[in-house]
1. Name the pairs: first residue in the range 30-47 and farther than 21 Å from residue 15 by Cβ, second residue at pLDDT below 90, Cβ to Cβ under 6 Å, at least 6 apart or on different chains?
2. Specify which of the listed residues (236, 274, 262) is touching a helix residue (DSSP H, G or I) at 6+ places or on another chain (Cβ under 8 Å) and either of a type in the set (D, E, K, R) or open to solvent by 60 Å² or more (accessible area, probe 1.4 Å) (or both).
3. Within the set of pairs 6+ apart or on separate chains, which have a first residue in the range 105-119 that is under 12 Å from residue 172 (Cα atoms), a second that is among the polar types (S, T, N, Q) and open to solvent by 20 Å² or more (accessible area, probe 1.4 Å), and C-beta atoms under 7 Å apart?
4. Would you point out the residue of the range 131-178, among those that are closer than 13 Å to residue 46 by Cβ and within 18 Å of the chain's Cα centre (by Cα), that is least open to solvent (accessible area, probe 1.4 Å)?
5. Cβ-Cβ below 9 Å, separation at least six or inter-chain, first residue in the range 1-15 and over 17 Å from residue 32 (Cβ atoms), second among the β-branched types (Val, Ile, Thr): which pairs?
6. What's the number of the only condition in (1) surrounded by fewer than 18 Cβ atoms within 10 Å (Cβ to Cβ); (2) in contact (Cβ under 8 Å) with a residue 24 or more places away in the chain that residue 306 fails to meet?
7. Go through the range 135-167 and give me each residue that's touching a Ser or Thr at 6+ places or on another chain (Cβ under 8 Å) and closer than 17 Å to residue 51 by Cβ.
Amino acid sequence: MGIDADPIARACALDPACFDDINKRISLDRLCRYMEALALIAGDDLFGLKSIAGFEKGASGPFGYGLMNAPTVRDFLMFFGRNMGKISETRLCTLEIGARSAHFEWTFSPLILHRGQYVDLGTAQGFNILRIFLGDDINRVRLELERKKPINTSLHKQLLTQNVSFNAPVNAMIIPADCLERINPDADPRLFAMMSQQMDAIPLRRTDPDDPVAAIRFHVAENLASNTPTLASESERLGMSPRTLQRRLTDAGTSMQSIVDECRREMAARLLSETDLTLSSITYKLGFSAPAAFTRSAIRWYGMTPSQYRKENRKAP
């Protein structure tokens, strides 16, 4: 498209060289910001979807090679569901296989406000592989995407499935049960087993006991609106005593309250500058009991009220 992407990557705190390192794990938030910036500069809301044309097979490392070599659709879905949380910051990733269909749902950390381009690219990558199993039956798969409905949906229907809808609460893929045993003609079962072993060795980011600060921060960000985690609940989730967790946090120079406060501050900044949500809605999303509590915290964080911060830091949606 004639766009020099490297300076944009660096502006998003990404080293362009990292894209050539098959073992590199990068921030999904930074990657999403990078893709959204490229889409904005290109003036093309289908930028992520079109990018699949230049996406190399296996570029996502063991995860990509595992999907490519899954023996059946069932193996593909189970591998996907078991490992997606290891390669990206997922808030939800569930697979339910029933008598009539398999229902796979996923979404990402609430800290990542804009991810439509990444969702398009990642979904297209998966559907490129599924099409090898299913052929024209790919259009029997129902796909629900959380991204905003584009003006023209023809490319989504062409590259994904005719049965696609948008503005969903979470991403979902529903596959008829009679498709689950369809065989991948290109599969290498031995390579699939090797990739499965490699992925099994990668810990889930959200439950990594070696980095409790990262694990807690991710979980807090997910649950601010519903049930803000406490030291007691996090110690139980991570399988350690409250005293041990407190010591680990102290050694890392932080505390449970500090982590909650940092998550609220970061999410507040994004919601105020990047969305049109009302201050009351943002108050709820941050887990505050009342708008006044949010206002007091905003003054402490930014030296100004939420309304003033929004006015001075407003970004185009």
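1. 42/1
2. Values: 236 fails: touching a helix residue (DSSP H, G or I) at 6+ places or on another chain (Cβ under 8 Å); 274 fails: touching a helix residue (DSSP H, G or I) at 6+ places or on another chain (Cβ under 8 Å).
Answer to the check: 262.
3. Here the result reads 105/94, each pair linking the range 105-119 to a residue that is among the polar types (S, T, N, Q) and open to solvent by 20 Å² or more (accessible area, probe 1.4 Å).
4. Across the range 131-178, the extreme among qualifying residues is 145.
5. That search, which allows pairs on different chains as well, returns 1/41; 3/41.
6. Failed condition: (1).
7. 145, 160
Each row is one residue, and each column tells you yes or no for (1) among the aliphatic types (A, V, I, L, M); (2) out of contact with any Asp or Glu (no Cβ under 9 Å at 6 or more places or on another chain); (3) at pLDDT 95 or above.
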position	(1), (2), (3)
166	no, no, yes
179	no, no, yes
198	no, yes, no
201	yes, yes, no
206	no, no, no
221	yes, no, no
224	yes, yes, no
227	no, yes, no
232	yes, yes, no
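The values are calculated or read from the model by the stated rules, or taken from the named source; none is laboratory data. All values reported here derive from a predicted model rather than from experimental measurement. Cβ atoms come from the backbone with ideal geometry, glycine included; neighbour counts cover every protein chain shown. All accessible areas refer to the heavy atoms of the entire protein, side chains included, with ligands and DNA or RNA removed. Shrake-Rupley method; radii C 1.70, N 1.55, O 1.52, S 1.80 Å.
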